[in-house]
1. Is there a residue being buried (at least 21 other Cβ atoms within 10 Å of the Cβ), touching a Leu at 6+ places or on another chain (Cβ under 8 Å), more than 19 Å from Leu278 (Cα to Cα) and of a type outside the set (S, T, N, Q) anywhere in segment 329-338?
2. Determine, yes or no, whether Val105 is part of a helix (DSSP H, G or I), buried (at least 19 other Cβ atoms within 10 Å of the Cβ) and assigned by TED's automatic domain parsing to the domain that holds Ile167.
3. Tell me, which residue of segment 294-325 that is part of a strand (DSSP E or B) and out of contact with any Asp or Glu (no Cβ under 9 Å at 6 or more places or on another chain) is farthest from Thr254 (Cα to Cα)?
4. Is it the case that some residue within segment 183-200 is over 17 Å from Leu107 (Cα atoms) and of a type in the set (Ser, Thr, Tyr)?
5. Quick one: how many residues across segment 17-33 are in a loop (DSSP other than H, G, I, E, B) and over 29 Å from the mean Cα position of the chain (by Cα)?
6. Quick one: count up the residues across segment 206-258 that are over 27 Å from Ser345 (Cβ atoms), under 14 Å from the mean Cα position of the chain (by Cα) and among the hydroxyl-bearing types (Ser, Thr, Tyr).
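The values are calculated or read from the model by the stated rules, or taken from the named source; none is laboratory data. If you're wondering where the values come from, they're calculated on a predicted model, not measured in any experiment. FYI the Cβ positions are ideal-geometry reconstructions off the backbone, even for glycines, and counts take in every protein chain you see.
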Amino acid sequence: MNGQPSADVVAQVKDIPLYRTSVERGHFPILEKPEIARGFPDNWMTPALAAALDSGEAEFVLSTGTNHARMQLIRPPYFLLNSYYRLWSEHPDIAHTWHEGCRRVSLTTVLATEHVARVNARKRGGPQAEPDPLPDLEQRRLDERTFYVNLRRDPALWDRADVERMIDEIRAAQSAHPHGSYHLDCSGPHLAHLVRKAVDWGLWATFPRPASIVHAYEYTPLNVRRYLQHHFACPVVDLFGSTELGYLFYSDRTGRYHPYLDRMSVELIPVEPGDHPLYALIVTSLRNPHMPLVRYRSGDCVRTEDGSPDPARITRFCGREKELLKTEHGPVAQGDLDDVIAAASPRVFVHRLDARDPSRALLRYTTFDGAPLAPAEADALRRGLTGLTARPSDVEHQRHIPIGASGKYAWLAQDA
């Protein structure tokens, strides 16, 4: 498979300036993020797009910038939200909570909360209006179905008042449903922090139990997923996607991934040659009619069950291409480190690998119970890290590992 688009795809993008050279040559190279931004928006502009922008059928937005530099996009209003809602409504394990009218509580980065509050402030007060420093619940409501609860960047620093407020707001969503059901949308680590604090402070008995859970905002470590599944009896599923693409894959309640490629196709190319290679995800998508992407490098890495470049055999989304550790055995991704940690101990919570010294590696970690690993667990982790990084490795327990400026955790520290 050479990855070249079908005639139908070419017909739909032939008038877009960005693709004209590719159409003329009969070959579409891989589309990198800088090419999307170069000459924007003229490189995308067609009479149809100009008309859509004038009518409000298309709008300019910025990507979140949490995994790469923020880039401008053109898309239909509520593109990502509608992609989420459609997948929620069709997911075999959780569709019932959509059709039963469950409210959606979103517990994720404070950047997402601030975005919703900012949009609402400008709806009320004009394009220059700013939200309150601590927006109330109504200011954090995305639509009739969804509101956001996090008001701090670092969830490890939530105090008791933060946790009690969030539990009260979640209870409001639960109480709005005739059967007391609600849908919890989250970043996995954020929800784990909330559960841990509720347990530690004697608030777990009052925590409203959701009817379904989706984690969809960042890589969710295996131990975090285990922790959530231990505390919640409902399905816990992962959605994989991005601001510019919408959602492409979903997991079932057992963790197995399934494609959700409406008007999309996927190809896998090796990041580097190898016996069991790590693949870069290349996506062709017509889902966004105003900015169709042909052979777009999403920046994500995957592994397949048999090492083949067959997208149907994807078993792991392993993190970002820009966050790979180069070793003499080949590139190491976030998911590879996660496998080593999960095999050594289920107690490791937040972790960060310091690989800035080329002669050694140091894993700093926190635990769900706050105590250091037992000697046997620590030794198993050291051995696993040494084999993974091909350098002497050690582990160091921490009480707190700060979250990144984006509101997501960085798994790796290494020199640029």
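1. no
2. So Val105 does not fit the description; no.
3. Val294
4. No.
5. Matching residues across segment 17-33 total 2.
6. 4
Every residue, every condition in (1) surrounded by 16 or more Cβ atoms within 10 Å (Cβ to Cβ); (2) touching a Ser or Thr at 6+ places or on another chain (Cβ under 7 Å); (3) in contact (Cβ under 8 Å) with a residue 12 or more places away in the chain, yes or no:
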position	(1), (2), (3)
Tyr365	yes, no, yes
Gly384	yes, no, yes
Thr389	yes, yes, yes
Pro392	no, yes, yes
Glu396	no, no, yes
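Each row is one residue, and each column tells you yes or no for (1) without any contact (Cβ under 8 Å) to a residue 40 or more places away in the chain; (2) more than 25 Å from Tyr247 (Cβ to Cβ); (3) basic (Lys, Arg).
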| residue | (1), (2), (3) |
| --- | --- |
| Glu321 | no, no, no |
| Asp336 | no, no, no |
| Arg352 | no, yes, yes |
| Gly370 | yes, yes, no |
| Glu377 | yes, yes, no |
| Ile403 | no, no, no |
| Ser406 | no, no, no |
| Tyr409 | no, no, no |
